[in-house]
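Since the structure comes first, as structure tokens, the remarks are kept for the end.
The values are calculated or read from the model by the stated rules, or taken from the named source; none is laboratory data. Keep in mind it's a predicted model, so treat the numbers as computed, not measured. Using ideal geometry, Cβ is built from the backbone for each residue, glycine included, and neighbour counts are taken over all protein chains shown.
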Amino acid sequence: MCGIVGIIGNTPVAPQIVEALKRLEYRGYDSAGVATLEYGHLARRRAEGKLRNLEAKLSDAPLSGVIGIGHTRWATHGKPNETNAHPHATEKLAVVHNGIIENFRELKAGLEAKGVRFETETDTEVVAQLVTHEMRQGRPPVEAVAVTLPRLRGAFALAFLFDGEDELLIGARHGAPLAIGYGAEEMYLGSDALALAPFTDDVTYLEDGDWAILRRKGADIRDASGAMVRRPRHKIPVGSFMADKGNHRHFMAKEIHEQPEVVGRTLAHYVNFTAGRVELPFELPFDFRALKRISISACGTAYLAGLVSKYWFERLARIPVEIDVASEFRYREAPLEPGELALFVSQSGETADTLASLRYATAEKLHTLSVVNVPTSTMARESTLVAQTLAGVEVGVASTKAFTCQLTVLLSLAIAAGRARGTLTPEEEKELVDALIAVPGQMSEAMKREHEIEILARELSKAKDVLYLGRGTAYPLAMEGALKLKEISYIHAEGYAAGELKHGPIALIDETMPVIVIAPYDHIFEKTVSNMQEVAARGGRIILITDEKGALESGLDTMATLVMPSVHPVVAPILNSVPIQLLAYHTAVFMGKDVDQPRNLAKSVTVE
Ligand code: M6R
């Protein structure tokens, strides 16, 4: 998604803005731009494509202003070209924007009727023109922004720079995050604290509806009603900014390899290793015994983590679980009972659809529990309870370590629920906790298969379509495998419940179709073997991901069998995430794809 940076500095800010934008590259973008005041007047440089194109423009025609704003754009309205790139400017101001102005058409029509001419296809330009229109009527910048903001509908963050105002930036937050950074006689705006990390660790997160007037010596924050408000300042721990690739070629590779460590770290937060018990790091404001239902909503990989946990909550704690992708949940007007638990899963804690679902559940008076990776995120701040995943900053657009940490937290929650409801005995709990504790080490073991997986990936890269199959918790994992492969290699892939094969997808099977079957040796292994036989009989090329017992018992000719360490079947989806991630990663690398920033994708999806 789009990234925003603003600086009131003391030296030329354009290079600093570009550096900060680089830290936001992980969010995904397709054009970029900077505006500064050159001798008091607005000047812009913008470029289609990656930041290096903007840097080339700045090198040909440098900007020397000490106040400025910058942006990486992920196109929503209008093509990703230079004309549509931000900042958008008039003779009065420049503006950058993250999110969507939903009522831009009607606002634009109103302005056009007054003779205003538009240059771009974007929704953002309407903001520039509305504020400019107010300024032309004689309003000063702050007042012009104040009367414009209530007219905008949608989810957005904005940053304004004004011609002739070398001491003023205005930022506004309405549904998309924006943070203020404090420096020595310098002030900053950023769409997340990571962007501001090179400049300051002293940060305020604007709340929804807030807007802020930044001057060199500080910021005045106002709420949606225009009243002055105080918002807390946070010291951001240095460790949270550790975002380099280490010895790896890509962030995704680094993040896959970090999993034994971060899953272990997350586990230590939820489990008493010595007692072999789950100990949640928070008090519950409800009793698991009284829960009639859990409603889960999330998007993408986080949704699939939620889907795995449905099996866990239902089997281990006997709690019925409903699960939706958040973009459906928020509009389907589900009947909910006050006192039920609504559970949300999100790496970023900013995903627009998941956040909207959280707000819907809050309005319906449900208990809300969010499993999030970013503790300062909006979802973390707006939920009754936060169950943090300790995956650290995840930069690769393809979620990997956040997923396995989500699974770790969700399984811990399901075990705690099972104990509270008496559906798990202390011995069963200990067995599960011991199985969880063993996972980080087993993940390291699984990674020793990487070379084998890399060779297999070369074969996979020739495929046009790939089918992933699994039963039980391996079914959502099959969907996650397909999602991982398609998002970074652009090979079409589908994840299916193995038992559904014969109800349609089997028609696709021929000798060109790799079929990846995730089948740990468990109580439904034999059923999956039958489905594999159906594939083999039609010439399908099977890649089997299983354990030693499964490899022995399958009795099938496969294109390859990836033998993972033998684990307790309940924790198998955490472990088996490793081979599916590595397979997708190496396939995409072999095909020369941009693994960390796949086309059209964004890390944090703050639009509907
Ligand atoms: O930040 P979130 O976990 O809420 O993001 C949800 C999805 O956008 C995300 O998981 C997406 O599907 C990833 N690209 C998957 O790798």
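Within the range 579-608, take every residue that is among the β-branched types (Val, Ile, Thr) and under 19 Å from residue 463 (Cβ atoms) and give me the one that is surrounded by the fewest Cβ atoms within 10 Å (Cβ to Cβ).
By that ranking, first place goes to 589.
Could you check the range 491-506 and list, in sequence order, the residues that are exposed (fewer than 15 other Cβ atoms within 10 Å of the Cβ) and either at positive phi or not in a helix (DSSP H, G or I) (or both)? Please lay out each step first, then the result.
Of the range 491-506, the ones exposed (fewer than 15 other Cβ atoms within 10 Å of the Cβ) are 492, 500, 502-504.
Selection gives 492, 504.
If I filter the range 338-353 for residues that are without any contact (Cβ under 8 Å) to a residue 40 or more places away in the chain, within 22 Å of the chain's Cα centre (by Cα) and within 13 Å of the ligand (Cβ to nearest atom), do I get at least one hit?
yes
The rows are residues; the columns are (1) part of a helix (DSSP H, G or I); (2) within 16 Å of the ligand (Cβ to nearest atom); (3) not β-branched (Val, Ile, Thr).
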position	(1), (2), (3)
284	no, no, yes
289	yes, no, yes
295	no, no, yes
324	no, yes, yes
336	no, no, yes
359	yes, yes, yes
371	no, yes, no
374	no, yes, no
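Of all residues being out of contact with any helix residue (DSSP H, G or I) (no Cβ under 8 Å at 6 or more places or on another chain) and crowded, with 24+ Cβ neighbours inside 10 Å in the range 327-351, which is farthest from residue 236 (Cα to Cα)? Just the residue, please.
341
Out of the residues in the range 15-61 that are in contact with a strand residue (DSSP E or B) (Cβ under 7 Å, 6 or more places away or on another chain) and among the basic types (Lys, Arg), which is nearest to residue 83 (Cα to Cα)?
Of everything passing the filter in the range 15-61, 46 is nearest to residue 83 (Cα to Cα).
What pairs can you find where one residue is in the range 479-491 and farther than 11 Å from residue 587 by Cα, the other is of a type outside the set (A, V, I, L, M, F, W, C) and not in a helix (DSSP H, G or I), and their Cβ atoms are less than 6 Å apart, with a gap of 6+ or different chains?
Within 6 Å, the pairs are 479/495; 481/468; 482/468; 482/494; 482/495; 487/598.
From the residues in the range 297-322 that are in a helix (DSSP H, G or I) and of a type in the set (A, V, I, L, M), which one is nearest to the ligand (Cβ to nearest atom)?
Here the residue is 302.
Among the numbered conditions (1) in contact with a helix residue (DSSP H, G or I) (Cβ under 7 Å, 6 or more places away or on another chain); (2) buried (at least 21 other Cβ atoms within 10 Å of the Cβ); (3) at pLDDT 95 or above, tell me where residue 147 comes up short.
Among (1) in contact with a helix residue (DSSP H, G or I) (Cβ under 7 Å, 6 or more places away or on another chain); (2) buried (at least 21 other Cβ atoms within 10 Å of the Cβ); (3) at pLDDT 95 or above, residue 147 violates only (2).
Out of curiosity, is residue 400 polar (S, T, N, Q), more than 14 Å from the ligand (Cβ to nearest atom) and not assigned by TED's automatic domain parsing to the domain that holds residue 235?
It is false that residue 400 is polar (S, T, N, Q), more than 14 Å from the ligand (Cβ to nearest atom) and not assigned by TED's automatic domain parsing to the domain that holds residue 235.
Looking at 46, 52, can you tell me which residue is charged (D, E, K, R), within 25 Å of residue 598 (Cβ to Cβ) and part of a strand (DSSP E or B)? Quick ask: steps written out before the conclusion?
Details: 52 fails: part of a strand (DSSP E or B).
The conditions single out 46.
Checking the structure you have, find out if any residue of the range 510-531 is under 20 Å from residue 481 (Cα atoms), in contact with a strand residue (DSSP E or B) (Cβ under 9 Å, 6 or more places away or on another chain), within 16 Å of the ligand (Cβ to nearest atom) and not aliphatic (A, V, I, L, M).
No, the range 510-531 contains no residue that is under 20 Å from residue 481 (Cα atoms), in contact with a strand residue (DSSP E or B) (Cβ under 9 Å, 6 or more places away or on another chain), within 16 Å of the ligand (Cβ to nearest atom) and not aliphatic (A, V, I, L, M).
Looking only at the range 470-489, filter to residues that are more than 15 Å from residue 528 (Cβ to Cβ), charged (D, E, K, R) and surrounded by fewer than 24 Cβ atoms within 10 Å (Cβ to Cβ); which one of those is farthest from the ligand (Cβ to nearest atom)?
Applying the first criterion (more than 15 Å from residue 528 (Cβ to Cβ)) to the range 470-489 yields 479-480, 482-489.
So of that shortlist, the ones also charged (D, E, K, R) come out as 480, 484, 486-487.
Then keep just the ones that are surrounded by fewer than 24 Cβ atoms within 10 Å (Cβ to Cβ); that gives 486-487.
On the way: 486: 10, 487: 6 Å.
Across the range 470-489, the extreme among qualifying residues is 486.
Restricting attention to the range 91-114, report how many residues are assigned to a helix (DSSP H, G or I) and among the acidic types (Asp, Glu).
2
Of a type outside the set (Val, Ile, Thr), under 22 Å from the mean Cα position of the chain (by Cα) and within 28 Å of residue 99 (Cα to Cα) - does that describe any residue in the range 316-325?
yes
Just checking, which of 574, 543 is surrounded by fewer than 23 Cβ atoms within 10 Å (Cβ to Cβ) and touching a helix residue (DSSP H, G or I) at 6+ places or on another chain (Cβ under 8 Å)?
543
Read through the list (1) assigned to a strand (DSSP E or B); (2) over 33 Å from the mean Cα position of the chain (by Cα); (3) charged (D, E, K, R), then give the number of the only condition that residue 117 fails.
Tallying (1) assigned to a strand (DSSP E or B); (2) over 33 Å from the mean Cα position of the chain (by Cα); (3) charged (D, E, K, R), residue 117 fails exactly one: (1).
Hey, does the range 433-447 have a residue that's at pLDDT 95 or above and more than 25 Å from the chain's Cα centre (by Cα)?
Looking through the range 433-447, none of the residues is at pLDDT 95 or above and more than 25 Å from the chain's Cα centre (by Cα).
Could you tell me whether any residue of the range 160-173 is crowded, with 20+ Cβ neighbours inside 10 Å, under 32 Å from the mean Cα position of the chain (by Cα) and part of a helix (DSSP H, G or I)?
no
Any idea which of 432, 385 is more than 12 Å from the ligand (Cβ to nearest atom) and surrounded by fewer than 22 Cβ atoms within 10 Å (Cβ to Cβ)?
Only one candidate qualifies: 385.
I'd like to check something: does the range 410-428 contain any residue that is within 11 Å of the ligand (Cβ to nearest atom), crowded, with 24+ Cβ neighbours inside 10 Å and either closer than 22 Å to residue 574 by Cα or basic (Lys, Arg) (or both)?
Looking through the range 410-428, none of the residues is within 11 Å of the ligand (Cβ to nearest atom), crowded, with 24+ Cβ neighbours inside 10 Å and either closer than 22 Å to residue 574 by Cα or basic (Lys, Arg) (or both).
Quick check on this structure: which one of 177, 198, 140 is surrounded by fewer than 24 Cβ atoms within 10 Å (Cβ to Cβ), in contact (Cβ under 8 Å) with a residue 12 or more places away in the chain and either assigned by TED's automatic domain parsing to the domain that holds residue 225 or of a type in the set (Gly, Ala, Ser) (or both)? Show your work before the answer.
Working: 177 fails: surrounded by fewer than 24 Cβ atoms within 10 Å (Cβ to Cβ); 140 fails: in contact (Cβ under 8 Å) with a residue 12 or more places away in the chain.
Step by step, each of 177, 198, 140 is checked, and only 198 is surrounded by fewer than 24 Cβ atoms within 10 Å (Cβ to Cβ), in contact (Cβ under 8 Å) with a residue 12 or more places away in the chain and either assigned by TED's automatic domain parsing to the domain that holds residue 225 or of a type in the set (Gly, Ala, Ser) (or both).
If I ask for residues that are polar (S, T, N, Q) and closer than 19 Å to residue 160 by Cα, which ones from the range 198-234 would you list?
Residue satisfying the conditions is 204 alone.
Look at the range 507-557 and say how many of its residues are in a loop (DSSP other than H, G, I, E, B) and touching a residue at least 24 places away in the same chain (Cβ under 8 Å).
Result for the range 507-557: 16.
Among what's in the range 101-127 and is of a type in the set (Lys, Arg) and at pLDDT 90 or above, pick the residue that is nearest to residue 150 (Cα to Cα).
Residue satisfying both the conditions and the ranking: 108.
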